Amino acid sequence: MPAAKGFLAMAMQASEIERLIKEAIPDAEVRIEDLRGDGDHYAAYVSSAEFTGKSRVQQHQMVYAALQGRMGGELHALALQTAAPENG
C-alpha cells in the first residue's frame, strides 16, 4: 500500500545514520540526537580528521554522500555540525 504523502514512510534510526557515516568516514566521531522523538528530525555532530583542510560545505557534502541519498526520503531533516579534531 503506498504511503499517503509520506506519512507511512519508514523513519530512519539514529543507529543507521551513525553506521552509514562511519562506513564512509571510518575515523568519524558521531553523535546523533533525535530532535523530536519522531525518527525523522535529527541533529548530527560529526568530527573526523578527514575534514582537515576542507571547507564546511565540503565536510557536509562528505556526510550527505555517506547517507546515500536518504536525505529527503527516509531522513526528513538533519541539522549537521562538522569539525576536524583539534590537535592539542
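On a per residue basis, the chain carries 65 Å² of accessible surface, using protein heavy atoms and a 1.4 Å probe. Neighbours of residue 67 by Cβ distance under 15 Å: Lys/Arg scored +1, Asp/Glu scored -1, total -2. Compared with the dominant principal axis of the Cα atoms in the chain, helix 56-66 is inclined by about 50°. The label point for residue 33 and the one for residue 11, both projected 7 Å from the Cα toward the Cβ, are 1.7 nm apart.
Give me the dipole magnitude in Debye, nearest 20, for the chain about the Cα centre, with unit charges on the beta carbon: positive for Lys and Arg, negative for Asp and Glu.
Result for the chain is approximately 260 debye, rounded to the nearest 20.
For residue 39, the shell of other residues with beta-carbons less than 11 Å away shows a net charge of -4, using +1 for Lys and Arg and -1 for Asp and Glu.
Computed with a 1.4 Å probe over protein heavy atoms only, the accessible area of residue 50 comes to about 80 Å². Build a GNM of the chain with springs between Cα atoms under 10 Å: which of 39, 53, 73 gets the top mean-square fluctuation? Between 39, 53, 73, it is 53 that shows the largest mean-square fluctuation.
For region 14-56, the orientation-averaged shadow of the C-alpha convex hull comes to 3.2 nm² (one quarter of the hull surface). Relative to the first principal axis of the alpha-carbon coordinates of the chain, what is the inclination of helix 14-24, with its axis defined by its Cα atoms, in degrees from 0 to 90 and to the nearest 10? Relative to the chain, helix 14-24 is tipped by roughly 50 degrees.
With all protein chains present, how much of the accessible area of the chain (probe radius 1.4 Å) comes from carbon and sulfur, to the nearest whole percent? That fraction is 51 percent. Taking the convex hull of the alpha carbon positions in the chain and averaging its projected area over all directions gives 6.2 nm².
The values are calculated or read from the model by the stated rules, or taken from the named source; none is laboratory data. Because the structure is predicted, anything quoted here is derived from the model rather than measured. All Cβ positions, glycine included, derive from the backbone under ideal geometry; neighbour counts span all protein chains shown. Just so you know, the surface numbers come from the protein's heavy atoms only, side chains and all, with ligands and any DNA or RNA stripped out. Shrake-Rupley method; radii C 1.70, N 1.55, O 1.52, S 1.80 Å.
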